[in-house]
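Shown next, in structure tokens, is the structure this report addresses.
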Amino acid sequence: MGDSYCRDPEGWGPTSSSRPDLTLCFEWTILMALPAFLAILAFTFRAFSLLSQGTRHGHGITWVLYVPSQLLAIGAVAALMTRAVVLSQQDSGYAVSSMLGMGLMIVAWVLSIGLNHLESLFEIRASQYIFSYSAISVIASAITVRTMHDTQQTTQEQFKCFVAFLAINCAHLVVESLPRGRTVVQKKSEASQYEKANMFSRISFHYMQRIISLGYKRPLVQADIDGLMPKRLQAANSHQRLSTRWNASAKKHLAKGTEPSLLRIIMTSFNSQWASILVVRLLTSIMTYVSPQLLNSLLGFITSYSIPGEENKPVTLGIILAFGMFFSSIIVTFFNAQLQAQTVSVGLEVRTALMSMVYRKALRLSNAAKNESSAGQITNLMSVDAERWSMSASFIPMVISVPFEIAIATWMLYMQIGWPILIGLLTVIIMLPVHAKLSGYFQFFRAAKMKAMDSRLKLVNEVLAGMKIVKLYNWEDSFKEKVAVVRRDELKLLKKFGTVFAWVALVFLSTPLVITLVSLAVFATHGGPNFTPGDINPQTIFVSISLFGLISQPISSMSSTLSQITSITVATRRIQKFLLSEELDETMIIREPEDGQDQSSSVVEIQDAVFAWCPEHAPVETEKQKRTREKEEAKAQKELEAKLKKMGKPIPEKKKDSPVDYSPTLVDINLSVPRGQLVAIVGRVGQGKTSLLSALIGEMYKRQGTVRIKGRIAYAAQQAWIVNATLRDNITFGLEYDQEKYDAIVAASGLLPDIAMLPAGDATEIGERGINLSGGQKQRVSLARAAYQDADVYFLDDPLSAVDAHVDQHLWENLIGPNGLLKDKTRLLVTHGIHHLEHVSQIVVVKDGKISENGHYDELMEAQGAFYQLIDEYSINSRKNQKKKASDSDDGENLGSEDEKSDASTEKGDQKETTKDVIKVAPKKEDKAELIAAENMVMGRVSWGVYDIYLRAATYRNSILCVVLYILSQSCQIGTNLWLEHWTSVSPNQARSPGMFLGIYAVITVMYMILSFSVTYVIMVWAGLRATARLHDDLLHSILRLPMSFFDTTPLGRIVNRFSTDIFATDNTLPWSFMALLMYGVSVLGTVIVIACTTPIFLAIVPPLGVGFMLVQSYYIRPSRSLKRIDSTSRSPVYQHFTETLVGVSTIRAMEVDERFIHDNERKSSTSANAYFTYQMVARWLQIRLETLGAVIVLAAALFSVLDRRSLSPGMIGMSLSYAMTVTSTISQLIRNFCDLQNQLVSVERVDEYLNKNPESPQVVDEDNKLPENWPREGRVEFKNYSTRYRQGLDLVIKNINFEVLPAEKVGIVGRTGAGKSSLTLALFRIVEAANSHWAKASHNGADVDTVLSEEEQIVDLEKVEVEEDGGSIWIDGVDISTVGLSRLRRSLAIIPQDPTLFAGTVRENLDPFDELEDAALWEALERAHLKEYISSLSGGLSFKVSQNGDNFSVGQRSLICLARALLRKTKILVLDEATAAVDVETDELIQKTIRKEFKDRTILTIAHRIKTVMDSDKILVLEKGCVEEFESPANLLQNKTSLFYNLAQQAGEIKDEDE
């Protein structure tokens, strides 16, 4: 630059030759003029953007901040203009550089005044443009003021003007930084907290301060953090952004026959965010390498004092360098925090968008596409694959930053030690294949471990879902062993995983030491000029060590970056494959609005239709896909053979693939249903009744024909779908609550007495899968929901099979039948109940997938076809004349008079009178509507007892060994640097032997590597493996031993969480968390010791720093723990809602409520995203404050070195500072890992909670040995004054019953809903214990959640329990069953429970789970259950795969498989609990004949809704309100017309008219 431009003896510079500083010319040009010029451009662009695209918020101006800001800006302009005038009037003239800077600054500040006005109109927060310029201007001005001071300009007027400008600028920056949360403008705005935060608040994460302060005072709840994240992260907005581009791309590519790339769409949809992230990432990388350069200069400064004769550098230079290291550390901290915050935001935005896209796709999947993916797999797309983006998005910019950082470090190392660094890099390159191989093994075992965990969880999930079956059949030990086999495989993989992890850790931790060793060895021997030995000095060595430490980070992160990028790619491809799956063809069903004009027109019309559950042809498979499939099948076969071999079982021959059956399910379907008709669809099990309704709602493939439906549809599925909401919400199903309509429907559905019994009436929460409702109640809620929709067409899939006779009659008369609430609606009813058929408008008989008969009851009877034979054979009143219709009213009156005796009253008039009372009374009950208690969460910090639980599981010996090994390892690491310091301090005059120094250095390095491997192996394999194995085994044992009441009140997902999330934490996360805590803790301790030994005065700041760190940590950990809990609990509703949706997708689609469910999903996803965002931003808040405190350590170490420069050796200072530079991030990691460890230990706490639950009665007792080997020999059952309740605190369900069942007697058990029929069978198996018995109390786990009692009430309740009479006893063959071990008792009985439960696997495994019987016995059982023919027709026969929950069998077929399973147990007592409710009357009759024939010498207790099922029993037990009302032979009871049994039989149509 010319003299005229600078007009300063120092010239352009940029550094001064006479002082350690920049020149004024450089400062005015680069620090003042350049930012001002850029600000002018930015301000202009921003103002144009606001005027052209902005929207005024209309909330007014915050005058209290606006006026001071504008006045201060005007003051800044005035100060600058005054200085410009003073400069222009100086006799000596002025520098062009100074005037240029002043002019541009004046323009910039003038523009800021105008921009500030626009920002106040358009934005609700301070302008980030003005704040940024103001902050830069303060820093630049402060530097310039200091330079002006050093160049003796303090007496000049222009200096005073500039100081005034600096003061005004500082005040302006303070005003711009002030938070505006309490201003009227922000209070009126609906923007999120993040959007309201100003630039300073965002940089420092101060906008999280309110949450942290609140969380410190009390545990946070979801409401405290609502509305924190930016609106662009909300599911609706992110989905709109991504799906629009995806749909356009998919449409474009599919037209070309190519496949779109979801990954590419994601990258382009959020390109502006990715660009910003990349810039910040590269700036962070650059700033990271500033510290080693400053260290180099500082060591040069120290060396100038240690070498005699060398000119001492000025102390100010040392102080500037010390502060330079401090500020560079802080800048890196702020850049890192912003980088992580931005990657979290974009990752979260992608996650919410993908979750919404997957959810919407799941609602549109075709049947074939649904069969390809199980519900668990689709849920995994949300919970695992979409989640991968929020976890791994930070690795994407590293694809560019890692090579960039390696390049910078290599260049800087080359400047330090020259070409030997290339040898060090060559070592790294040679080690890369080792890295890659180990990473490959790491990924392989990780994937294998996850797969093994999936297998275990699938098995555990099935066991928990079928826990009642497991207990009734005494399968606990068998399933425990089955899980143990899978778990052992998982632990073997975990051991291999831990071993590989130890090797990976060794390679990564030792990489910087190996590079240092190789590079310094070459440098020390041949690194000088002409390959002479290099100059080993502190400056070269410790700057190089610092750089080696930095270069090791990108090198070691290469494999993890590649791994995470691969994970993201795989996850995105999985989602992409799902998004490209086949969708339902919505044009298959022609849906037309109901016109209501022509009353005789058809509302449902099917013409020449053919329907199938699969496409017409097999999907086209490419050669590559075929090879992949065959490879996977071969691998699965190999694994199966290995497993069978290990279990000692014969390996079956590999079966040839059976050809897939693509034949249609329904053919030649022609059906016309006029408006307002009631159509009954009948037929035997598996003939196609449910399929016909599924076809009508569009769930099947229509291969030909037309289907036309007029009006809105309401649908009640065969297995009632209940959502996790209140009873009222389940019925209203999103519609507006109408009291009058609601009351009428609830009464017609027979739900009034049920509501009266619920703890909070219709406000009671219905648990997962309707867990707190009986089968009949669930079905009636489903019917009420359908009725409330006020639709035009009702599809009702066998809703009456789950209810008993009197409820059946009530529903028919008041809701479904010709005189019910739905009498004017069109109804298609699938039913097995033949007693209603003569009252319907039309009967459709389905046989072999065809409509075999169709017409009115009288027409079909006259035709005397198959329907006539069915009615003639199985209906007592088949020949009734029309006078039956006239007598219906009399029957209704009789029914009413009987019902008035029952709390389950179903008399129509009575209900109308009591409706209002019931609805009013219900809310007065417990305000707590939840039957499922909120999950227990221990507040406050994790107690030391939890640490002790884990350490005891790992053993104290292993724990102490880990600590000792870590201390030794860190000692070796410090030892390498101490040895280098010693090497550099050896006088040049002393003889140096590089070989000796390098040899000892190599020995210490190898010792460090051995110790590092050992400690990782001990933690991951010895201690960690032992701890997790013990915790899992204890948890499984405890869960299997818990009473059934626990499973009734605990959601399945909550228990599965213990086996998945919590055991995953003990498997993987906890060992790593303990290892990280030890590693960082010992590292920080070592660093403090090294710095303290170098500069003892440093110890003076350790206490205040320690207090600062502890305060920040304690201030953070409370809100952190709450937020972690909120984050975890906010995810569950998302996945639960998604799982519910998948189960009820048919109902959702049929009723066309997709949009409401999508909105619910978006709301839950956004809530979850907000919780994760808050948790992550609080972590950034901590990072900023911890690392700023850590930077004080760097400043202190550097300043003390400068102040004590004459007495310290450069080598010791170099080592001290190289440690200090790493301590910033190390302390931050230490405290964050400590907080994370506390959060992870919650998993141990949660597992331990279940270990301390009260178990049920012992499996085995001493009395078992005294029983005869073949007990029970006769099958005599006696109930003596027996009473029971489901749980302590609830009402008795069985009350003082006395009756005796003689050996080989057949007893039918009947009664109304809630009479206690199923409870009786549960009592026989001791699923429930006798009231007030020892084990009823001992196995109770806390107060029942239905009742919330005060302390006084609890005392009164306990006193009441003490005086209650004994619950009586049950005797089998003269033995009190309460004295028999549960295992012996349950294996001596056989039962077919009410809910037909099948496990995923083969038919053989469902019949004989533990491979104890021959195939011949299984086929015989199937034959008796009338399933042999059907199972034989399936591909594979007994090896046919049963899908999850047995979904590929109809409900009736599932019941028959359960029947066959029970028939295989050769016991003297057989219980059938609604075993044939879901089968047609013909099959039911065949089964009853089989039972009478095959089990004539056994005692059989049969519970049945169909009175016909028990008509030929020896005796009938009639229960009412838990008491025995009648116990006589059917003949005697039927002779007594006042008996309850007679009444029930009459309702069921099993009694002939007297005049016949």
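The values are calculated or read from the model by the stated rules, or taken from the named source; none is laboratory data. Model, not experiment: these values are computed from the prediction. Reconstructed Cβ throughout: ideal geometry from the backbone, glycine too, with neighbour counts over all protein chains shown. The area values use the complete protein model at the heavy-atom level, side chains included, leaving out ligands, DNA and RNA. Shrake-Rupley method; radii C 1.70, N 1.55, O 1.52, S 1.80 Å.
Couplings 3J(HN,Hα) for the stretch 437-451, derived from phi with the Karplus relation 6.51 cos²θ - 1.76 cosθ + 1.60 (θ = phi - 60°), are 5, 5, 5, x, 4, 4, 5, 4, 5, 5, 5, 5, 5, 5, 5 Hz, where x marks Gly and Pro. Using the Karplus relation 6.51 cos²θ - 1.76 cosθ + 1.60 with θ = phi - 60°, the per-residue 3J(HN,Hα) values for the stretch 390-397 come to 5, 8, 10, 4, 5, 7, 5, x Hz, with x marking Gly and Pro.
Taking all protein chains together and rolling a 1.4 Å probe, Ser439 ends up with roughly 20 Å² accessible. Between the helical axis of 96-122 and the longest alpha-carbon principal axis of the chain there is an angle of about 20 degrees.
Only bridges whose two residues both fall in the chain count here: according to DSSP, what percent of them are antiparallel, nearest 5?
Values: 40 of 80 bridges.
Counting DSSP beta bridges with both partners in the chain, the antiparallel share is about 50 percent.
Toward the positive end of the charge dipole of the stretch 754-870, with +1 on the Cβ of Lys and Arg and -1 on the Cβ of Asp and Glu, the farthest Cα among His835, Leu773, Val846 is that of Leu773.
Under 5 Å from the amide H of Glu853 lie the amide H atoms of Val845, each residue being 5 or more positions distant or on a separate chain, with H modelled from the backbone and absent for Pro and chain starts.
For every helix of n ≥ 4 consecutive DSSP H residues, a contribution of -39,500 (n - 2.57) applies; sum these over the chain, divide by its total residues, and give [θ] at 222 nm rounded to the nearest 500 deg cm²/dmol. Present the calculation step by step, with values, prior to reporting the outcome.
Numbers: 58 runs with 919 residues, N = 1556.
When only DSSP H runs of four or more count, the value is -19500 deg cm²/dmol.
Counting only heavy atoms of the protein chains and using a 1.4 Å probe, Leu968 has close to 80 Å² of accessible surface. Model label sites at Gln377 and Asn537, defined 7 Å from Cα along the beta-carbon direction, differ in position by 6.8 nm.
Principal axis extents of the Cα atoms in the stretch 750-841, from largest to smallest and rounded to whole angstrom, are 40, 26, 21.
Heavy-atom accessible area per residue, the chain, 1.4 Å probe: how many Å²? Before the final figure, lay out each step's value.
Numbers: 65840 Å² over 1556 residues.
That works out to 42 Å² for each residue.
Coordinate range of the alpha-carbon atoms in the chain per principal axis, descending: 134, 75, 74 Å.
Once R0 is set to 45 Å, what does the formula 1/(1 + (r/R0)^6) return for the Cβ-Cβ distance between Asn1532 and Glu1423, expressed as a FRET efficiency to the nearest 0.05? Before the final figure, lay out each step's value.
On the way: r = 35 Å, r/R0 = 0.79.
That pair, Asn1532 with Glu1423, gives E of 0.80.
Annotation: Met1110 carries an accessible surface of approximately 120 Å², with a 1.4 Å probe and no ligand, DNA or RNA atoms counted.
As a length-normalised measure over Cα pairs under 8 Å and 6 or more apart, the relative contact order of the stretch 308-410 settles at 38 percent.
Surface composition of the chain: carbon and sulfur atoms hold 58% of the protein heavy-atom accessible area at a 1.4 Å probe. Protection proxy ranking of 584-594, 1531-1541, 1005-1015, 738-748, by the mean of other Cβ atoms within 10 Å over each peptide's residues and highest first, is 1005-1015, 738-748, 1531-1541, 584-594.
Using heavy-atom solvent-accessible surface (probe 1.4 Å) with all chains present, what is the largest-first order of Val1479, Val175, Val67?
Numbers: Val1479 0, Val175 20, Val67 60 Å².
Output order, biggest surface exposure first: Val67, Val175, Val1479.
Would you tally the net charge around Thr826, using a Cβ to Cβ cut-off of less than 12 Å, leaving Thr826 out, and scoring K and R as +1, D and E as -1? Net of charged neighbours comes to +2. Over all orientations, the stretch 42-187 has a Cα convex hull whose mean projected area works out to 9.0 square nanometres.
Got the relative contact order for the stretch 383-532 handy, in percent, Cα pairs under 8 Å and 6 or more residues apart? Please list the in-between numbers first.
Values: 66 pairs, mean separation 58.6, N = 150.
This gives 39 percent for the stretch 383-532.
Using heavy-atom solvent-accessible surface (probe 1.4 Å) with all chains present, what is the largest-first order of Phe867, Phe335?
Numbers: Phe867 5, Phe335 60 Å².
Largest accessible area first, the residues go Phe335, Phe867.
Quick note on the stretch 327-486: its Rg to Rh ratio, both from C-alpha atoms and Rh being the Kirkwood radius, is 1.16. Angle, helix 1351-1363 long axis vs. longest principal axis of the chain, Cα atoms, 0 to 90°, nearest 10? Relative to the chain, helix 1351-1363 is tipped by roughly 30 degrees.
Which value results for Rg/Rh of the stretch 478-570 when Rg is the Cα radius of gyration and Rh the Kirkwood radius based on the inverse mean 1/r? Walk me through the intermediate numbers first.
On the way: Rg = 21.9 Å, Rh = 17.0 Å.
Ratio value, two decimals: 1.29.
If you sort Cys6, Cys1523 by accessible surface, 1.4 Å probe, largest first, the order is Cys1523, Cys6. When cysteine pairs in the chain are screened for C-beta atoms closer than 4.7 angstrom, the residues that find no partner are Cys161, Cys170, Cys614, Cys962, Cys972, Cys1093, Cys1235, Cys1458, Cys1523.
For Asn819, no residue whose modelled amide H falls within less than 5 Å of its own remains once neighbours fewer than 5 places apart on the same chain are excluded.
Could you work out Rg/(2.2 N^0.38 Å) for the stretch 1-110, with Rg from alpha carbons only?
Numbers: Rg = 18.2 Å, N = 110, 2.2 N^0.38 = 13.1 Å.
For the stretch 1-110, the normalised Cα radius of gyration comes out at 1.39.
Rounded to whole numbers, the Karplus 3J(HN,Hα) couplings from phi for the stretch 1516-1521 are 10, 9, 9, 9, 8, 6 Hz, using 6.51 cos²θ - 1.76 cosθ + 1.60 with θ = phi - 60°, and x at Gly and Pro. Between Glu1525 and Val1518, Leu1519, Glu1520, the built amide H atoms are under 5 Å apart, and every one of these is 5 or more places off in sequence or on another chain.
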